[in-house]
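Okay, so here's the structure we're looking at.
Nothing in this text is a laboratory measurement; each read-out follows from the coordinates by a stated rule. Values in this document were obtained by computation on a predicted structure and should not be read as measured data. We place every Cβ from the backbone using ideal geometry, glycine too, and count neighbours over all the protein chains shown.
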Amino acid sequence: MDREFGVNNPTASAATVSDEQLLALVQRGDESAMASLYDRYSRLVYSVSLRVLRDPAAAEDVLQEIFMQVWRTPDSFISARGSLAGWLSIVSRNRSIDTLRRKRPSEQVEDVVLAMPGNLAAESERSLMAERAKIVIAQLPWSNARLWRWPSSMASRTQRSQT
């Protein structure tokens with residue numbers, strides 16, 4: 001690590017170096033600073049992920065993804081918005097939820113309730129009975145069939161009033 005922050009000083013430990021200082025070193029490509037961040041926060045990130053995912057292997061994957069993100073873009077954390085621990089917790093939770101969503105849909109297709117205007121069963125029954133009535137009316141002698149045929153405007157009014 002860098003002498004500037006007292007990290008190579010034998011009396012200074014990684015615990016005394018602030019998160020901002022470690023991130024500044026990570027931006028410069030300092031692997032030991034990244035190792036210190038990992039040691040400091042890996043348990044937190046893993047435990048949040050494990051709590052959401054309930055799968056140790058998937059939680060380890062999320063842990064690796066998050067610390068790879070920190071290594072590649074350490075400036076994605078903005079200290080003015082809060083602590084690094086809080087940010088890592090939120091990122092871990094969100095990434096874990098994303099992992100769950102990719103693994104399985106939120107609801108099974110059979111469980112999805114579709115809102116429909118009216119009653120489909122009654123509508124189907126009405127349609128079936130209307131078809132049967134048309135067949136019977138068509139079989140009547142012409143003079144009687146004409147009496148049983150409704151004008152289309154009358155049929156549409158009756159259907160609208162029933163819904």
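Students often get this wrong: which residues of region 64-106 have the backbone nitrogen under 18 Å from the point 7 angstrom along Cα-to-C-beta of Ala57? It comes to 64-65, 96, 99-104, nothing else.
What are the chymotrypsin sites (Phe, Trp or Tyr not before Pro) within region 71-106 that DSSP puts in a loop, where the Cβ has at most 13 other Cβ atoms within 10 Å? Answer in residue order: no site qualifies. Couplings 3J(HN,Hα) of region 124-133, computed from phi: 5, 4, 4, 5, 5, 5, 5, 5, 5, 5 Hz, in residue order, whole Hz [Karplus 6.51 cos²θ - 1.76 cosθ + 1.60, θ = phi - 60°; x for Gly and Pro].
Round to the nearest 0.05 the FRET efficiency obtained for Ala121 and Arg101 when R0 = 45 Å and r is the Cβ-Cβ distance. Present the calculation step by step, with values, prior to reporting the outcome.
Details: r = 34 Å, r/R0 = 0.76.
That gives a FRET efficiency of 0.85.
As a calculated quantity, the FRET efficiency between Asn94 and Ser18 at R0 = 25 Å, using C-beta atoms, amounts to about 0.50.
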